[in-house]
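The values are calculated or read from the model by the stated rules, or taken from the named source; none is laboratory data. None of these values were measured; they are calculated from a predicted model. When we count neighbours, we look across all protein chains shown, and the Cβ atoms used for this are built from the backbone with ideal geometry, even at glycine. To get the accessible areas, we keep the full protein, side chains included, count just its heavy atoms, and leave off ligands, DNA and RNA. Shrake-Rupley method; radii C 1.70, N 1.55, O 1.52, S 1.80 Å.
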Amino acid sequence: MTSVAWNALNDHLGDIQNQQLRDLFAAQKNRYQQFHLEFEGGLLDYSKNRINQVTLDNLFALASEAKLELWRERLFNGDNINHTEQRAVLHTALRDPRPNSRQSLVLKELDHMQQMVERFSQKKWLGCSNKPMKEVVVIGIGGSYLGPKLACEALQTFAQKDVRIHYISNVDAHEMHEVLEIIEPTETLFIVISKSFTTQETSTNMHSCMRWLEEKTGDPSAIQKQFVGITADTALAQKAGISADNILSMWDWVGGRYSLWSTVSLPLALLIGMDHFRQLLAGAYAMDEHFRTQELRENAPVLMALIGIWNRNFLNLPAYAVLPYDYRLRSLPRYMQQLDMESNGKNIDRKGQPCRHQTAPILLGEAGTNGQHAFHQLLHQGTTVVPCDFIGFRETTYSQEHHQILLSNMLAQSQAMMTGRSLEESTAMLEANNASDIDLLAGAMSFQGNRPSNTLLFEKLTPNSLGRLLALYEHKVFVQGIIWNINSFDQMGVELGKTLGDKILHDLKNQSVDGPFDSSTAALLDYLIKRND
Ligand code: F6P
C-alpha cells in the first residue's frame, strides 16, 4: 500500500526499530499515563507496545485517510458494506435498544426465544415420553457453535439451573457418539443452529441425531417435540422435520461469526436466563456506543486496531496471541480465530484487486496459565515475535489465593516480554548463584524482550463485561478491515474446499477414483478406497 500516512509510518519505522521498550519506560516515567485508556467498565493498557506519540499520530492519519469515521457511520446506518454479498452488516442492531429499522423483527424473535426459555425452565417443555427436557445438545459449526460455546462457558457461574449443554460441531462421528453415549434420549433437547441450514457438517449431524432419537424412543413424534432450529432459512428447517413452533429466525444481515447476539444464543439463555442474556446485549451496546461516539484517540477498538496494524504491517509481525487469564474464557482464542481470521484473512481488496500489503495475522491463544507451560517459550525466546493481548478480571468467584496467583502470572508475562533479560543480567544472576558453566547458560537464559503486548482489565466477568469485550474485538476487526481495504464480512475462502470435497465424496461413496484429480489427490484417494476392501 502506498499513501501519505503509510509512507510516513514507513519512514518513522527506523526511529522505533532502534529503541527498546525497557529504555522507553525508563526514559518516560509517565509512559503508562500517556498510553492507557480507561473506558466505562474497563481499562486498556497499550504502553507495552513499540510506539511513541509520533507512531500514534501517523496511525490516526492513516485512519483518517481510510475515512474510518465515514465507514463507521456506514456500518451503523446499515449500508450494504458487505458488498460482495450485497448485504448490510447489522449485528449492532441486535443489541440496540433504540428504535431502529430492524427492531420489530428482532423483538418478535426475542419474544419467541423468551417463551422457549420459560417453557424449558418451568419444566413445561415435554418430550415424547412427557418428561421435561433436562439436557441440551447444540448442533452447529463455525459461528453457529463458537459463540454459544464461548458464552455458555464464560457465564457458567450465572447458570440459573443445572442444565448440561453438549456440543456437536465436527462431522467426525466420534464427537457425536461421545455425546449420544451420555445423554438420556427422552430428556434431551436438540438445538440445530445454522444460518444457511445447508452446512454439510450440521446437516449430517442433525440427520444422524434425528435417526438416533427416533430409534431410541421408537416415537416418530420425538423430532417434532425435541428438535429446535435456529436459521435464516426457516423453510429448510421445517422441511427437515422441525416443528414451525420450534424454529427461531435469524437474518442475512447478521454474519455467522457475529451471530451470538441473536437467537443463536438460545442455549445461553436456557442456561443463564433471558435477563442475563439481555445484560450481555447491554454490554455490547455500551461498547457500540463507545466505538460510535468516542473520538478516535479515546476509542478502545480503534486504538487496538491501529496498534495491530503497526505490528502487522510495519514491524512485520505475522502472528498475534489472545491470552485470557480466566479459565471461563478458555474458548475465546478459538472464537477470535474465526472472528479475526475469517473476517480479515484475505488477499483481495474491496475492488477485487490483489492486496499489496499484509492482512490478518495468524491468531493463537490459550487460557492462562496453561499457555505458559506450552507455547509461551516461543513467545519469550522464539525467533518470531508475537504481540499479545492479556485479558484479566479484578474479581473472581472463588479463591482469592488462586486468583492472586493467576493475576500475578499475567502481569509477570507481559512484564517479562517487555523487559527481557540481558546477557549481562543473566551473567550477574548466575555469578551471584555461584553457577558453573556461566558462559553456556548466560546466553540461554537471556531474553531479548521488546515484545509488544496490550493488557485489557475488567472488574468482573459478567454478562455485561463479556458483551463489552466481544463487541470491542468485533469493532477492532472492523477497523482493521477498513484500513486494509478488504471486505471483512464475506468468507469466500472457505468455498473452494467445499466444492472440491463434493467430487471427492462422490468417488469415495462409489469406491472408485474417477476424478479428474491431480496425481497426489488421486493416489491418496486410491489408498483410502483400497484400505476399505
Ligand atoms: O465456515 C464458513 C461458515 O459459513 C461460517 O462463516 C459460518 O459461521 C459457518 O460456516 C456455519 O454456517 P451456518 O451457520 O450457515 O451453518
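Scan the range 70-117 for trypsin sites (Lys or Arg not before Pro) in coil per DSSP, keeping those whose Cβ has at most 15 other Cβ atoms within 10 Å, and list them by number. Intermediate results must be reported in sequence, preceding the final value.
On the way: sites: R72, R74, R87, R95, R102, K108; in loops: R102.
Qualifying residues, ordered by number: none.
Only bridges with both residues in the chain count here: give the DSSP antiparallel percent, nearest 5. Intermediate values should be presented prior to the final figure.
Numbers: 12 of 43 bridges.
Approximately 30 percent, going by the DSSP bridge assignments.
Please compute the contact order of the chain in relative form: average sequence separation of alpha-carbon pairs under 8 Å and at least six residues apart, divided by the residue count, as a percent.
Answer for the chain is 19 percent.
If the reach is capped at under 14 angstrom between alpha carbons, list the aspartates and glutamates near K123, excluding any in the same chain fewer than eight residues apart.
E135, D162, E187
If you place +1 on the Cβ of every Lys and Arg and -1 on the Cβ of every Asp and Glu, how big does the dipole about the Cα centre of the chain come out, in debye to the nearest 20? If you can, show how the numbers build up before the last one.
Details: 49 positive and 60 negative charges, 176 e Å.
Dipole about the Cα centre, nearest 20: 840 debye.
What does the highest-first list of 248-256, 471-479 look like by mean Cβ count within 10 Å? Numbers along the way, then the final one.
Working: 248-256: 21.6, 471-479: 24.7.
The packing order, highest mean first, is 471-479, 248-256.
For H166, H112, give me the order by solvent-accessible area with a 1.4 Å probe, most accessible first, ignoring ligands, DNA and RNA. Write down the numbers at each step before the final one.
On the way: H166 20, H112 45 Å².
Listed by decreasing accessible area, they come as H112, H166.
Distance between Cα centroids, the range 1-60 to the range 428-499: provide it in whole Å.
If we compute the Cα centre of each part, the gap is 16 Å.
Leaving out ligands, DNA and RNA but keeping every protein chain, what accessible area does E175 have, in Å² rounded to the nearest 10, with a 1.4 Å probe?
Roll a 1.4 Å probe over it and E175 shows about 50 Å².
In square nanometres, what is the average projected area of the Cα convex hull of the chain? Walk me through the intermediate numbers first.
Details: hull surface 118.4 nm².
Result: a mean projected hull area of 29.6 nm².
Within the range 102-272, what percent of beta bridges assigned by DSSP are antiparallel, to the nearest 5?
Details: 1 of 18 bridges.
Of the beta bridges lying entirely in the range 102-272, close to 5 percent run antiparallel.
Not counting ligands, DNA or RNA, and with a 1.4 Å probe, what is K124's accessible surface area in Å² rounded to the nearest 10?
130 Å²
Set the bar at 32 Å for Cα to Cα. Now go through K346/K460; K124/K216; K108/K239; K29/K476 and name every pair that lies beyond it. Walk me through the numbers before you get to the answer.
Details: K346/K460 35 Å; K124/K216 22 Å; K108/K239 22 Å; K29/K476 29 Å.
Where the Cα-Cα span goes over 32 Å, the pairs concerned are K346/K460.
If you count, for each residue, the other Cβ atoms within 10 Å and average over each peptide, how do 311-322, 420-431, 506-517 line up from highest to lowest? Provide the component values of the computation, followed by the final result.
Values: 311-322: 19.4, 420-431: 15.2, 506-517: 12.9.
Sorting 311-322, 420-431, 506-517 by mean packing, highest first, produces 311-322, 420-431, 506-517.
Would you be so kind as to identify which of N80, H112, I141 lies farthest towards the positive end of the dipole of the range 71-142, taking Lys and Arg as +1 and Asp and Glu as -1 on Cβ and the Cα centre as origin?
Ranked along the dipole, the leading option is H112.
When only the heavy atoms of the protein chains count and the probe is 1.4 Å, how do D245, D389, D96 rank by accessible area, highest first? Provide the component values of the computation, followed by the final result.
Details: D245 110, D389 5, D96 30 Å².
Greatest to least solvent exposure: D245, D96, D389.
Would you work out which of F291, A360, I307 lies farthest towards the positive end of the dipole of the chain, given +1 charges on the beta-carbon of Lys and Arg and -1 on that of Asp and Glu, about the Cα centre?
With unit charges placed on the Cβ atoms, the residue in question is F291.
If you roll a 1.4 angstrom probe over the protein chains with everything in place, what fraction of the accessible area of the range 184-286 belongs to carbon and sulfur, to the nearest %?
Roughly 45 percent, rounded to a whole number.
Among the aspartates and glutamates, which have Cα under 15 Å from the Cα of K48 when same-chain residues fewer than 8 positions away are ignored?
Answer for K48, where 15 Å is the Cα cut-off: D23, D389, listed by chain and number.
State the percentage of accessible surface on the range 1-102 attributable to carbon and sulfur atoms; use a 1.4 Å probe and exclude ligands, DNA and RNA. It would help to have the intermediate numbers written out before the result.
On the way: 2340 of 4990 Å².
Carbon with sulfur: 47 percent of the solvent-accessible area.
Between Q114 and A244, what FRET efficiency follows from the Cβ-Cβ distance if R0 is 22 Å, with the result rounded to 0.05?
Working: r = 18 Å, r/R0 = 0.80.
Efficiency at R0 = 22 Å is approximately 0.80.
Using the charge dipole of the range 63-109 (Lys, Arg: +1 at Cβ; Asp, Glu: -1 at Cβ; taken about the Cα centre), state which of S101, V89, A66 has its Cα farthest towards the positive end.
After comparing all options, I get S101.
Can you list the lysines whose alpha carbon sits under 18 Å from that of K509, skipping same-chain ones fewer than 8 residues off?
Result set, ordered by chain and number: K498, K530.
Tell me, what is the per residue accessible area of the chain in Å², probe radius 1.4 Å? The partial results should precede the final answer.
On the way: 23770 Å² over 533 residues.
Roughly 45 Å² per residue, with all protein chains present.
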